[in-house]
Amino acid sequence: MKMIQKIFDSQRKHFEEKGKFRMLHPLFEATETFFFFPGILIKNSPFVRDNLDMKRFMSFVILALIPPSVFGIYNTGWQSCKATGMSLDFSTVFFQGALIVLPLVMVSYAVGFFWEILFASLRKHPISEGFLVTGLLFPLTLPPSVPLWQAAVGISFGVVIGKEVFGGTGRNIFNPALTGRAFLFFAYPTKMSGDSVWVAAGSFAKEAVDAVSSATPLAFSNLAVAGDNIESVLEKVGFTVTKLFLGGYPGSIGGTSALCCLVGAIILVLAGVASYRIIAGGILGVYITGLVLNLFAGPQANPWMALPPFYHLIMGGFAFGIAYMATDPVSAPGMDHVKWIYGFAIGTLTVLIRVFNPAYPEGVMMAILFMNLFSPLLDHIEIKFKLKNRILNV
Amino acid sequence: MAKSIVQEFTKGLWEELPPFRLVLGLCPVLGVTTSMENGLGMGVATTFVLACSNILVSLLRNIIPPKVRIACFIIIIASFVIVVEHLLQAYAYPLFLKLGVFIPLIVVNCIVLGRAEAFASKNGIASSTADGMGIGIGFTLSLGALGAFREILGKGSLTIWGDLGYNLTSVFPSFQPFEFMVQAPGAFIGLGLMLCAINAIGD
C-alpha cells in the first residue's frame, strides 16, 4: 500500500493547479480514489449517511447488476443460437452471447467515459462514479441487435444532454441511462422496437442477417383481439408463467428475467442503496391497477384488461426498471413518504401505457422518465407538510 | 444613445441577436425551424414586417397618444402582416402552406412589438430603419441556422429554397438521420445547444 501511495504522491504535482497535466486532474483523482479514501466532502446528492461513500455505494449497484448481466449474456446467446440453428450447449451459447453483449458494454463505457472526462476536465469537477453504473445500465436496456454506433449516439445523448448540461451527477433531472434509451427509441424507432430487433444473429450466424424476427411476450399479447385470452395466447407460443419469471424469452438484454432483477433488488435494498419503498410502491401500483382493470374486463373489451396483474410484473422490462432505474437516488424523490407515491405512480403508468397504448408495447421507460420529472415536486410537497406540522406543534 | 446608423444595424447581428441574445420571439424559432427553407422564409417575412412597422411607428411617433400607443402599434404591425401574407400567397404559395398559422402569428411576435415600443417610438426614421433591418436579418440568420441544424440531423438534407438544396444522405450513404430532431423535442434541444454555443463564444 505504501508503494502505491508513493507513486501517487510523486505524480500528484503534475496534476495540480500549476502542473503540466492539470487538465487531466479528474482522471488522476478518479484513479487515486480507486485505491484510497478521498479526503473531501461532497456538496450535492446522492448523499450517503452511512459508512459507505459514493464510490463504494456505486460498487454495490454494479454488484447487484451482475445477475441480470450474466443472465442477459446467456439469454441473448441462447436466443441467437436457437434462431440461427447453432448448437445449444452452454459454452457455445455463452460465447455467442458475450460476442453480442460485450461490444455494446465496451462501446457504452468508452464513449461515456470520453464525455465524462471531457466535461470533468473543462468544468474542473471530479469524474463521477455514477457513470460506472450508467454505462452498464444503458446497454442492458437495449435490444441485442442494436448497431454499435447507435449505442454510442445514445449514450452520448444520455450523458451530455441527460446529465452534464444540468451540471453533472447529482443535478440531473432524468436518469441518464433511460434518457439515452428514450433518445434512441424516438430517433431510430425501427431499431428499438418491433419484431425483428430482439434477437441478434451475431457474427457466427450461418445466414447473413443482422437480426432474426422474433416477438417479445408483450408483442404477442398485443396480437390478441377482443375475446381472446392473453394467457392462452402466450401459452400457445411457449411463454408460460415460469418461463416469463425466469426470463428465457426475447427482449432487451438485461431486462427479461424477473428473478435476476429480484435478486438484484434484494442486494440493493440490503446494502441500503435502493429504497424498498419505491420498489414496493411500484409493485403495489402494478398490482392494484391490474386488479382495477380486471373489473372492467369483458368479452367485448380490450383483452389486456383481463390479464392477471402478476403477468405485468414478470413480462417485459418492468422488473428491471423498478429495481435499477426507478431507485436511482438522484432522480427519485429523497423524502420517505412520497417515495411510495412515486413508485406507485410508476407502476400505474406502466400498466396504463401497456394496456391502452398499442403504439408503445412497453411503458416502463416512459413511466419512469415521467415520474422523474415529478420527483422535485413530490419532495417539495412533503417538506411543506412537514413544516406545517412543525409550526402547529410549537 | 449616440450610436451611428451602421452601429444600429450591426447590433442586431450579434450583440442583440434576437433569439439567442435577447431570447425573444421564441415561438416561431421553435415552431417553424423544421427545415432551413422554412426558417429563412419565416425570417424574411418577419424582417419585412419589422422594418416597415419600425418606419411607420417612427414617422408617427409624435402623433400617437402615449396612452393608446400599444393598440396603435399592433394595428400598424397587423397591417403589414396582412401585406406579407398576401405577398406569400401570391409569390411563394408552397412556403405559405408550410408556414401556415405562424404567418398571422407574426403580429404577436414580441420582437416586432418590442422594437416598436423600445426603439422606433423614441428614435428618428433613419436609425429605426437600420434597427429594424439589423434585428430582422439577425433573426433570419438565427432561424436559418437552427433550421439547417435540425434539418441536417433530422432529415439528412438541406433545402435552401424550393428544389435548391442538398441531399446529404446521397453524399454520405451511411449517415442515418434521426427524425427526432425535426419533431418538437428537437427544437428545444437544438435551441439549447445553439444558445450554449453562442454564450460560449461570448462578446
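The values are calculated or read from the model by the stated rules, or taken from the named source; none is laboratory data. In this text the structure is predicted, and so the values were computed from the model without any measurement. Heads up, the Cβs are rebuilt from the backbone with ideal geometry, glycines too, and the neighbour counts pull from every protein chain shown.
List of remarks:
- The set of residues in segment A:335-381 being free of Cβ contacts under 8 Å to residues at least 24 places away in the same chain, crowded, with 17+ Cβ neighbours inside 10 Å and more than 18 Å from the chain's Cα centre (by Cα) consists of A:ILE353 alone.
- Segment B:159-172, subset in contact (Cβ under 8 Å) with a residue 12 or more places away in the chain and surrounded by 12 or more Cβ atoms within 10 Å (Cβ to Cβ), residue farthest from the other protein chains (Cβ to nearest Cβ): B:TRP161
- Condition met for A:THR289 (under 19 Å from the mean Cα position of the chain (by Cα) and not basic (Lys, Arg)): no
- Out of A:ALA280, A:ALA274, sole residue that is of a type in the set (A, V, I, L, M), assigned to a loop (DSSP other than H, G, I, E, B) and touching a helix residue (DSSP H, G or I) at 6+ places or on another chain (Cβ under 9 Å): A:ALA274
- Scoring A:TYR109 on the criteria (1) within 14 Å of chain B (Cβ to nearest Cβ); (2) in a helix (DSSP H, G or I); (3) of a type outside the set (Lys, Arg) leaves a single failure, condition (1).
- Of the helices (runs of 4 or more DSSP H) contained entirely in segment B:1-116, those carrying at least 3 residues that are in contact with a Leu (Cβ under 8 Å, 6 or more places away or on another chain) fall at B:26-31, B:36-59, B:69-91, B:93-99, B:110-115.
- Residue count for segment A:308-329, restricted to those that are in a loop (DSSP other than H, G, I, E, B) and surrounded by 24 or more Cβ atoms within 10 Å (Cβ to Cβ): 6
- A:ALA332 passes every criterion in (1) loosely packed, with under 14 Cβ neighbours inside 10 Å; (2) part of a loop (DSSP other than H, G, I, E, B) apart from (1).
- Restricting segment B:53-66 to residues that are out of contact with any Gly (no Cβ under 8 Å at 6 or more places or on another chain) and in contact (Cβ under 8 Å) with a residue 40 or more places away in the chain, the residue that is nearest to B:CYS110 (Cα to Cα) is B:VAL57.
Residue-wise test of (1) away from chain A (no Cβ under 13 Å); (2) more than 27 Å from B:ALA92 (Cα to Cα); (3) surrounded by 19 or more Cβ atoms within 10 Å (Cβ to Cβ); (4) touching a strand residue (DSSP E or B) at 6+ places or on another chain (Cβ under 9 Å).
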| position | (1), (2), (3), (4) |
| --- | --- |
| B:VAL112 | yes, no, yes, no |
| B:ALA116 | yes, yes, yes, no |
| B:SER127 | yes, yes, yes, no |
| B:GLY132 | yes, no, yes, no |
| B:SER142 | yes, no, yes, no |
| B:PHE149 | yes, no, yes, no |
| B:LEU153 | no, no, yes, no |
| B:SER157 | yes, no, no, yes |
| B:SER174 | no, yes, no, no |
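- Subset of segment B:183-200 (residues that are more than 10 Å from chain A (Cβ to nearest Cβ) and of a type outside the set (A, V, I, L, M, F, W, C)): B:GLY190, B:ASN199
- Criterion: of a type in the set (D, E, K, R), closer than 30 Å to B:GLY156 by Cβ and touching a residue at least 12 places away in the same chain (Cβ under 8 Å) - qualifying residue of B:LYS98, B:LYS3: B:LYS98
- Of the residues contained in segment A:95-105, none is found to be at pLDDT 85 or above and within 14 Å of chain B (Cβ to nearest Cβ).
- Taking segment A:135-217 and the helices (runs of 4 or more DSSP H) fully enclosed by it, the elements with 1 or more residues that are more than 14 Å from chain B (Cβ to nearest Cβ), touching a Gly at 6+ places or on another chain (Cβ under 8 Å) and at pLDDT 80 or above are at A:148-160, A:176-187.
- Any chance A:PHE71 is more than 21 Å from the chain's Cα centre (by Cα) and aromatic (Phe, Trp, Tyr): no
- Residue match in segment A:249-259 (condition: at negative phi and outside any loop (DSSP other than H, G, I, E, B)): yes
- Among the conditions (1) at pLDDT 85 or above; (2) surrounded by 19 or more Cβ atoms within 10 Å (Cβ to Cβ), A:ILE62 misses just one, which is (2).
- Here A:ALA301 clears all of (1) assigned to a helix (DSSP H, G or I); (2) more than 17 Å from A:PRO68 (Cβ to Cβ) except the condition numbered (1).
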